[in-house]
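FYI, it's all coordinate maths here, none of it is from the lab. Note that this is a predicted model, so its numbers are computed, not measured. Reconstructed Cβ throughout: ideal geometry from the backbone, glycine too, with neighbour counts over all protein chains shown.
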Amino acid sequence: MPEAEQAQQPIKLLRTSESESLQKIRHTASHIMAMAVQKLFPKAQVTIGPWTETGFYYDFDSPDPFTEKDLKQIRKEMIKIINRQLPVIREEVSREEARKRIEAQNEPYKLEILDSIQEPITIYHLGEQWWDLCAGPHLENTAEIDPKAIALESVAGAYWRGDETKAQLQRIYGTAWETPEQLAEYHRRKEEALKRDHRKLGKELGLFIFADAVGSGLPLWTPKGTILRSQLEDYLKQEQIKRGYSPVVTPHLGKVDLFKISGHWQNYKEDMFPMMAENEAAAAAEQGFVLKPMNCPFHIQIYQSELRSYRELPIRYAEFGTVYRYEQSGELGGLTRVRGFTVDDSHLFVTPQQLDDEFLNVVDLILTVVKSLQLTNFKARLSFRDPSSDKYLGSDEAWDKAQNAIRRAVEKMDMNHFEGIGEAAFYGPKLDFIFEDALGREWQLGTVQVDYILPERFGLEYVAEDGSRQRPIMIHRAPFGSLERLIGILIEEYAGDFPLWLAPVQVRLLPVRPDHYEYVKEVAAKMRAAGIRAEADTNGDRLGKMVRNAEKQKIPVMSVVGDQEVADNTLSIRTRASGELGAIAIEEVINKLATAIAEHSNF
């Protein structure tokens with residue numbers, strides 16, 4: 001199983017080359033903004049101000065709320081600072097000296113930051129008038145920023161240290177680029193992203209809802225959304241059956257002790273949902289049940305339910321298992337970050353001799369899936385452990401074996417890949433598939449992991465050919481990752497215009513007059529009998545409105561039915577992919593549609 005906590009993690013949207021050149025610009029711009037704010041609003045206190053994948057922000061404690069008018073004034077002041085060509089000076093000071101200077105400024109947030117950082121203490125100055133604690137990096141002079149390539153975007157609320165019990169601050173978001181042309185392109189992509197926002201399109205297309213009465217981060221799937229989910233599930237289930245996977249089903253909750261053995265409780269206890277009231281959770285969860293945050297311990301129990309022979313291996317269990325994580329409310333975001341999500345989970349139990357071939361077969365499955373979804377612009381990340389960290393379980397030897405298996409696979413398949421040190425799960429390295437969407441954003445989708453650790457912790461065995469008891473190796477994999485997140489990404493990638501095989505409604509028949517109703521109902525019934533999701537629009541609307549509704553709901557195929565079609569037993573076909581196709585006999589339409597759907601192609 002891919003770690004549930006990683007199945008919906010966002011990744012940075014910047015390429016490495018961009019981060020190297022833009023990090024300094026954005027970090028320096030954040031300091032310039034903070035200097036401008038404190039000049040215009042002397043009572044405002046600064047807290048933290050990092051660069052981000054699209055810009056920067058700074059959190060302020062200010063007695064008065066910032067307005068749109070204030071943002072315009074702040075930007076004007078930033079331009080003045082840039083034009084003054086102030087040198088950006090790095091200084092190292094002792095902790096005592098830093099404390100002395102902070103106390104002289106009466107900046108309590110800086111004192112708290114000072115207590116949390118290690119020496120050497122670095123300070124960055126803008127000229128001689130403003131400074132802040134910061135590790136950098138920065139530009140050497142404010143003049144290196146193009147004033148026409150920066151913008152202030154919005155103000156939002158934020159809690160100090162992300163803690164809801166602490167002071168509420170005001171966060172000003174900005175963006176900075178190397179050139180005005182890059183800024184213009186960023187704004188274009190941002191506008192396009194708003195049009196493609198899966199939360200907006202999901203509502204317009206009637207795919208899913210969220211309800212306060214149910215709870216935050218818990219999506220409810222409408223009939224159309226459920227069809228979309230089912231199509232994705234059915235497709236992968238069929239592919240898995242072809243490749244020798246066995247379906248399993250496991251419960252939604254389990255004993256805490258199970259997750260203590262796996263190590264998940266020790267590593268992710270605070271992110272689990274205990275099955276009791278919040279004020280009872282801490283004590284009761286230690287000896288009770290939790291909603292499952294991942295599926296792998298359950299699949300392990302099925303494997304462990306009987307003694308296995310080497311002749312049975314590899315064993316491949318597969319499940320669309322719903323898991324639950326207690327995401328903070330501020331981290332929730334439509335379908336891409338939820339509290340209950342379904343993982344297309346599978347766990348393979350293999351011998352050492354089978355490891356390479358099984359890993360390659362899993363990678364081949366993932367490549368097949370992304371091709372079918374038209375998500376072909378991707379690269380592979382070898383997510384390895386950070387040797388300097390103590391969060392990883394297992395021996396150096398086990399980690400070396402697992403990481404080398406992944407390296408062999410990507411080299412044999414000649415895949416475009418890079419290494420991500422520190423991105424591994426606590427029990428094993430991963431091969432993550434990073435997809436770039438139509439807006440240039442990057443998302444982690446499919447993942448496959450090699451695991452020597454959990455078989456050891458659970459004492460898994462099989463009887464080898466010589467009669468000895470041996471330890472199997474586990475492969476965890478999920479081509480989709482989180483099904484909810486995948487659907488959110490697909491909505492935005494396709495802009496809601498799903499390919500024919502995925503579209504919740506594939507065909508809509510539009511009768512010109514009520515006396516054509518009987519004909520379109522009969523045709524729609526024939527299509528449904530052939531496995532085609534067809535509707536007859538008999539709501540009594542005018543033809544123009546029916547056409548507009550079908551276009552708005554992005555129906556792949558529509559047909560206007562009038563006297564000629566009824567007389568000739570035909571349909572005048574219009575598709576979103578190919579435009580007007582003219583009059584075609586009904587049986588030919590049904591055959592062509594069925595073939596296109598089966599082949600995941602256009603009509």
Item to complete: For the range 64-139, run through the GluC sites (Glu not before Pro) and keep only the ones in DSSP coil with at most 16 other Cβ atoms within 10 Å of their Cβ.
Response: GLU128
Discussion item. Give me the one-decimal nm value for the distance between modelled label points at ARG199 and GLU522, 7 Å along each residue's Cα-to-Cβ direction.
Written reply: 4.9
Discussion item. Taking 27 Å as the cut-off for C-alpha to C-alpha distance, list the pairs among LYS24/LYS190; LYS43/LYS72; LYS148/LYS379 that go past it.
Written reply: LYS148/LYS379
Worksheet, complete the sentence: Applied in sequence order to the range 292-302, the curve 6.51 cos²θ - 1.76 cosθ + 1.60 (Karplus, θ = phi - 60°) yields integer Hz couplings, x standing for Gly and Pro, of 5, x, 7, 9, 4, x, 6, 5, 4, 5, 5
Worksheet item: Considering the zone a paramagnetic label at GLU178 would reach in this model (a point 7 Å from Cα along the Cα-to-Cβ line), which residues of the range 149-163 have amide N under 20 Å from it?
Response: 149-151
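For THR165 and ALA135, calculate 0.36 nm times their separation in residues minus their Cα-Cα distance, and state this gained length in nm to one decimal.
My answer for the length gained is 8.1 nm.
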Worksheet entry | For the chain, with +1 on Lys and Arg beta carbons and -1 on Asp and Glu, the positive-most of ALA529, LEU220, SER246 along the dipole | ALA529
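Roughly speaking, what is the stretch gain from GLU103 to GLU192, that is 0.36 nm per residue apart minus the C-alpha to C-alpha distance, in nm to one decimal? Could the numbers behind the result be given before it?
Numbers: separation 89, 0.36 × 89 = 32.04 nm, distance 4.66 nm.
Residue separation times 0.36 nm, minus the Cα-Cα distance, leaves 27.4 nm.
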Worksheet item: What is the order of ARG95, ARG316, fewest Cβ neighbours within 10 Å to most?
Response: ARG95, ARG316
Worksheet item: Quick one: if you stick a label point 7 Å off each Cα along the C-beta vector at ILE261 and LYS148, how many nm between them?
Response: 6.7
Worksheet item: Hey, what do the phi angles of the range 535-541 turn into as Karplus ³J(HN,Hα) couplings, whole Hz, using 6.51/-1.76/1.60 and θ = phi - 60°, x for Gly and Pro?
Response: 10, 10, 7, 10, 7, x, 6
Worksheet item: In debye, nearest 20: dipole of the range 16-195 around its Cα centre with unit charges on the Cβ of K, R (+) and D, E (-)?
Response: 540
Worksheet item: Leaving out same-chain residues fewer than 8 places away, which lysines sit with a Cα under 18 Å from that of LYS292?
Response: LYS255, LYS260, LYS269
Worksheet entry | GluC sites (Glu not before Pro) within the range 494-603: DSSP coil, no more than 16 neighbouring Cβ in 10 Å | GLU599
Worksheet entry | Helix-only CD estimate at 222 nm, as mean residue ellipticity for the chain, using -39500 (n - 2.57) per DSSP H run (n ≥ 4) | -11500 deg cm²/dmol
Discussion item. Could you work out the relative contact order of the range 486-603? I mean the mean sequence separation of Cα pairs under 8 Å and 6+ apart, divided by the number of residues, in percent.
Written reply: 29
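Given R₀ = 45 Å, FRET efficiency for SER21-ILE584 by Cβ-Cβ distance, to 0.05? Can you show the working numbers first?
Values: r = 55 Å, r/R0 = 1.22.
Once rounded, the FRET efficiency stands at 0.25.
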Worksheet, complete the sentence: Taking 0.36 nm per residue of separation between SER388 and ASN416 and subtracting their Cα-Cα distance, the length gained on full extension comes to 7.4 nm
Worksheet item: Under 18 Å from the Cα of LYS100, which aspartates and glutamates turn up, not counting those fewer than eight places away in the same chain?
Response: GLU91, GLU92, GLU112, ASP115, GLU119, GLU128, ASP132
Worksheet, complete the sentence: Taking a straight Cα-to-Cα line shorter than 13 Å from LYS554, and setting aside same-chain aspartates and glutamates fewer than 8 residues away, one finds GLU204, ASP497
Fill in: Label assignment, semi-axes √(5λ) of the Cα gyration tensor in Å derived from the structure, set [x] 46, 37, 22; [y] 57, 34, 23; [z] 69, 24, 23
[x]
Response to the item:
per DSSP, antiparallel bridges as share of beta bridges in the range 507-598, % nearest 5, sits at 55
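If R₀ is 35 angstrom, what is the calculated FRET efficiency for the pair HIS600 and LEU439, using the beta carbon separation as r and rounding to 0.05?
Numbers: r = 24 Å, r/R0 = 0.67.
For HIS600 and LEU439, the calculated efficiency is 0.90.
Between rounded, prolate and oblate, where does the range 72-190 land on the alpha carbon gyration tensor, with a ≥ b ≥ c its root eigenvalues, rounded for a/c under 1.5, else prolate if a/b exceeds b/c?
Details: a/c = 2.24, a/b = 1.37, b/c = 1.64.
Judged from the Cα gyration tensor, the range 72-190 comes out oblate (a/c at least 1.5, b/c at or above a/b).
Quick one: ARG542, ARG576, fewest Cβ neighbours within 10 Å first, how do they rank? Show your work: numbers first, answer last.
Numbers: ARG542 9, ARG576 19.
Sorted ascending by nearby Cβ count, the order is ARG542, ARG576.
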Discussion item. Only bridges whose two residues both fall in the chain count here: according to DSSP, what percent of them are antiparallel, nearest 5?
Written reply: 85
Worksheet item: Suppose R0 equals 60 Å; then what is the FRET efficiency for GLU456 and ASP563 from their Cβ-Cβ distance, rounded to the nearest 0.05?
Response: 0.20
Practice prompt. List, in order, the whole-Hz ³J(HN,Hα) value for each residue of the range 216-233 obtained from phi through the Karplus relation with A = 6.51, B = -1.76, C = 1.60 and θ = phi - 60°; use x for Gly and Pro.
Written response: 5, x, 10, x, 10, 9, 6, x, 5, x, 5, 4, 4, 4, 5, 4, 5, 5
Worksheet entry | Gyration tensor verdict on the range 106-172 (Cα atoms; rounded if a/c is under 1.5, prolate if a/b is larger than b/c, oblate otherwise) | oblate
